[in-house]
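Nothing in this text is a laboratory measurement; each read-out follows from the coordinates by a stated rule. Given the structure is predicted, the values throughout are model-derived calculations rather than measurements. Here Cβ is always computed from backbone atoms with ideal geometry, including for glycine, and neighbour counts include all displayed protein chains.
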């Protein structure tokens with residue numbers, strides 16, 4: 001929780017820094033074929049409904065919280081490193097995402113340079129990975145796919161940003177599973193010794 005809180009506190013400063021720099025514009029033949037439309041409401045409905053579903057499931061299985069926290073912390077730090085190393089300007093035709101909840105953390109201006117890799121896609125896909133019930137997983141997997149499509153139609157991300165997000169998220173999730181299993185084994189071992 002302390003790492004998570006530290007990340008939340010540092011994000012506004014990080015985003016302010018990346019917004020001030022000039023980067024590269026990628027050639028994206030998929031975005032060039034898609035006219036831009038605003039899907040902000042749908043995007044944030046999918047994100048917040050998936051997160052709410054996760055919160056509802058945590059009391060029944062607290063390990064979901066532990067795995068989600070470790071994976072989210074890891075993938076967010078990885079995203080920050082990638083964004084820091086890969087300076088990109090937003091795609092042509094971008095329609096900024098407007099979310100009254102996250103804008104409270106990030107400030108009143110829109111963040112447009114947090115591109116590689118998509119944090120929105122990462123969040124919902126991570127929820128999908130962490131949930132265990134079949135219908136929950138089906139909903140959040142569908143939400144991940146729809147979210148990626150909506151982000152592309154809104155020209156918020158390049159195609160590579162959206163496609164890379166599940167790959168990086170899955171890799172960090174697997175590491176979080178390994179870490180939490182070792183942590184659980186150590187806790188169990190210490191209980192047996194007492």
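For the reader, a short list of remarks on this structure follows.
- Sites residue 45 and residue 21, calculated FRET efficiency, Cβ-Cβ separation with R0 30 Å, nearest 0.05: 0.45
- The order of 144, 87, going from fewest to most other C-beta atoms within 10 Å of their C-beta, is 87, 144.
- Dividing the mean sequence gap of close Cα pairs (under 8 Å, 6+ apart) by how many residues the chain holds gives a relative contact order of 32 percent.
- FRET efficiency for the pair residue 65 and residue 13, taken as 1/(1 + (r/R0)^6) with r the Cβ-Cβ distance and R0 = 25 Å, rounds to 0.40.
- Panel order for 156, 55, by other beta carbons found within 10 Å of each beta carbon, from fewest to most: 55, 156.
- Residue 95-residue 132 FRET efficiency (beta carbon distance; Förster radius 41 Å; 0.05 resolution): 0.70
- Here the sum of -39500 (n - 2.57) over DSSP H runs of 4 or more residues, divided by the residues of the chain, equals -23500 deg cm²/dmol at 222 nm, to the nearest 500.
- Relative to the longest principal axis of the Cα atoms of the chain, helix 40-57 runs at roughly 0 degrees.
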